[in-house]
Amino acid sequence: MNLQALMKQAQSIQKDMMKAKNEIDNTVFDGENGFVKVQVKGTKEVINIEISPSEFDADDLEVLQDMIMIAINDAFKKVDKITEEKLGKFTSAMPGMF
């Protein structure tokens with residue numbers, strides 16, 4: 001394999017990686033825990049938090065804060081999982097480059 005062909009292959013892989021990353025960035029992931037639901041973009045930007053009013057006692061703020069944190073982290077784990085599934089094939093093919 002010559003250097004020109006190798007560079008062309010690397011450019012193709014880079015293009016595929018950017019396409020996959022863009023797809024992930026524009027996907028909305030849902031996270032939930034009990035009566036709290038959150039939505040985040042693949043960029044890990046929280047775009048919505050929903051609390052079920054029928055389940056919520058306003059006096060229990062500490063529990064609510066914990067539930068929101070758990071739901072957000074659940075959504076972030078889903079982002080990381082999809083990112084690894086879609087981009088892991090690229091990074092494992094070229095160890096040391098990323």
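What follows draws every value from the coordinates through simple rules; no lab data is involved. Model, not experiment: these values are computed from the prediction. Here Cβ is always computed from backbone atoms with ideal geometry, including for glycine, and neighbour counts include all displayed protein chains.
Between Lys44 and Ile13, how high is the FRET efficiency from 1/(1 + (r/R0)^6) when r is the Cβ-Cβ distance and R₀ = 22 Å? Nearest 0.05.
Computed FRET efficiency for Lys44 and Ile13 comes out at 0.35.
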Excluding residues on the same chain fewer than 8 positions from Lys81, give the lysines whose Cα lies under 27 Å from its Cα.
Lys15, Lys19, Lys21, Lys37, Lys41, Lys44, Lys89
How high is the relative contact order of segment 3-93, in percent, with contacts defined as C-alpha pairs under 8 Å that are six or more residues apart?
31
Identify, among Ala5, Thr91, Ile47, the residue whose Cα sits farthest towards the positive end of the charge dipole of segment 3-93, taking +1 on the Cβ of Lys and Arg and -1 on the Cβ of Asp and Glu, with the dipole about the Cα centre.
Ala5
Of the labelled options [x] 13.1, 39; [y] 19.3, 69; [z] 24.8, 68, which one gives Rg and Dmax of the Cα atoms in Å as computed for this structure?
[y]
With axes computed from alpha carbons, what is the tilt in degrees of helix 61-93 against the longest principal axis of the chain, rounded to the nearest 10 within 0 to 90?
10
